[in-house]
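Data block below; observations after.
The values are calculated or read from the model by the stated rules, or taken from the named source; none is laboratory data. Because the structure is predicted, anything quoted here is derived from the model rather than measured. Note that each Cβ is placed from the backbone with ideal geometry, even for glycine, and that neighbours are counted across all protein chains shown. Heads up: the accessible areas ignore ligands, DNA and RNA and are worked out on the full protein's heavy atoms, side chains in. Shrake-Rupley method; radii C 1.70, N 1.55, O 1.52, S 1.80 Å.
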Amino acid sequence: MLSSMRRHSLRLHSELHRWSICDPGNRRWSSSDSVISSDSVGESPPPTAYRVVLLGASGVGKTAFASIFAGAADSMDSDECELCGDEVFEKEVEVDGEAATVTLIDTWDSELDDDSVQDCPMQSGDAYLLLYSITDRASFLRASELRITLRQFRPAEQTPIILVGNKCDLVRRREVSSSEGRACAAVFDCKFIETSTAMQHNVWEAFHGIVRQLRLRRDSKEANKRRRYVKSSTRRESLPLKAKRFIDKVVAKNNPSVAVWLKSKSCHDLSVL
Ligand SMILES: Nc1nc2c(ncn2[C@@H]2O[C@H](COP(=O)(O)OP(=O)(O)OP(=O)(O)O)[C@@H](O)[C@H]2O)c(=O)[nH]1
C-alpha cells in the first residue's frame with residue numbers, strides 16, 4: 001500500500017516537472033493526469049485540476065496553510081492528500097458539489113531578495129494565495145511588491161489571486177487593518193480574506209474561494225467562446241435586431257438582479273468575479 005502510494009507520488013512529482021513548473025502556457029490538468037490544452041476548451045471537458053501557489057514573506061504562515069491543506073492538523077498520517085515532494089501537495093476537494101483536484105505549491109523561497117530568480121513559482125500557478133501577516137506591516141508591503149511582480153507574469157483577469165491577511169487571531173498585535181487589506185486588494189484587482197491558521201479560521205474558505213474563482217473564469221471563458229460563435233453565425237444581423245439587443249442590454253442594466261451582481265463585485269466575496 002505504502003509503496004504503491006510512493007510510486008504514485010513519484011509519478012505525480014515527475015509529471016509536475018514534465019508539464020513544467022516553468023511552462024508559461026495556459027495548460028491544465030485533466031483529473032486523469034493528462035495534459036489538456038486550454039485552446040481545445042469546448043472540445044474537451046472543462047479542467048478540474050488546478051495548481052495553486054502560496055506566496056508571501058517569511059513567517060506569514062505559508063507552511064501552516066499548507067499543513068492544514070495537507071490534513072496535518074487532523075492527522076499526521078493522512079492519506080487523503082498525496083505528498084509530492086516536501087512542498088507540493090495534491091488533494092481532491094469538493095466545492096459546491098463539484099470535485100476539483102488542487103495541487104498546492106509551497107516552494108516560494110521568502111529568504112531570496114531577487115524575485116526574478118524565482119520565476120518558476122511565479123509562472124507555474126493557475127491561481128495564487130498571496131499571504132501577509134496582519135501583525136507585520138513589512139509583510140503587507142512585501143505582498144504588494146509580489147503582486148506587482150506577479151502581474152508581469154500573469155494577466156490579472158485570467159489568474160485569480162486572493163490577498164490573505166493571516167494571523168487574525170493576534171488581535172492585539174495587529175499592524176494592518178482589515179480596511180487597508182481590502183483597499184489594497186481593490187487596487188490590485190484581487191480578492192481579500194483574513195485568516196488564522198492557528199484557529200483554523202477561514203483557511204478552507206480561502207482554498208474553496210480560489211477554486212470558485214478559477215471556475216468562474218473557466219465558465220466565463222466558455223460563455224465568451226459560445227458568444228463569439230453565436231456572433232459569427234449571426235453576423236448579418238438586421239438593424240432592428242441589433243437595436244433590440246441594445247435595448248435588452250439597457251433594460252438588463254436596470255434590472256435589480258444585475259444591479260445586485262454589480263454591487264457584489266466586491267473583493268471580499270470570493271464567490272463572484
Ligand atoms: N498566532 C498565529 N501564529 C501563526 C499563524 N500562522 C502561522 N503562525 C506561526 O507563525 C510562524 C511562521 O509560520 P510559517 O507557516 O512557518 O510561515 P512561512 O510563511 O512558511 O515562513 P517561511 O518558511 O520562513 O517562508 C510559526 O511559528 C507559526 O506557528 C496564525 O494564524 N496565528
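Of all residues in the range 128-174, those satisfying the criterion of being farther than 19 Å from Thr63 by Cα, in a loop (DSSP other than H, G, I, E, B) and not acidic (Asp, Glu) are Arg154, Pro155, Ala156, Gln158, Thr159, Pro160, Arg174.
Across the range 30-47, which residue is farthest from the ligand (Cβ to nearest atom) among those that are open to solvent by less than 40 Å² (accessible area, probe 1.4 Å) and at pLDDT 50 or above?
Ser44
Among the residues of the range 195-206, not a single one is modelled with pLDDT of 80 or more and in contact with a Pro (Cβ under 8 Å, 6 or more places away or on another chain).
Return a yes/no flag: does the range 153-176 have any residue that is among the acidic types (Asp, Glu) and modelled with pLDDT of 95 or more. Within the range 153-176, one or more residues are among the acidic types (Asp, Glu) and modelled with pLDDT of 95 or more. Each residue in the range 121-141 was checked for being within 16 Å of the ligand (Cβ to nearest atom) and modelled with pLDDT under 95, and 2 pass. The lone criterion from (1) of a type in the set (A, V, I, L, M, F, W, C); (2) near the ligand (Cβ under 10 Å from one of its atoms); (3) loosely packed, with under 15 Cβ neighbours inside 10 Å left unmet by Val187 is number (2). Within the range 142-181, the set of residues being within 22 Å of Ala66 (Cα to Cα) and away from the ligand (no atom under 16 Å from the Cβ) comprises Ser144, Arg147, Leu150, Thr159, Pro160, Ile161. Criterion applied to Glu98, Glu111 was being more than 12 Å from the ligand (Cβ to nearest atom), modelled with pLDDT of 65 or more and open to solvent by 60 Å² or more (accessible area, probe 1.4 Å), and the one residue passing it is Glu98.
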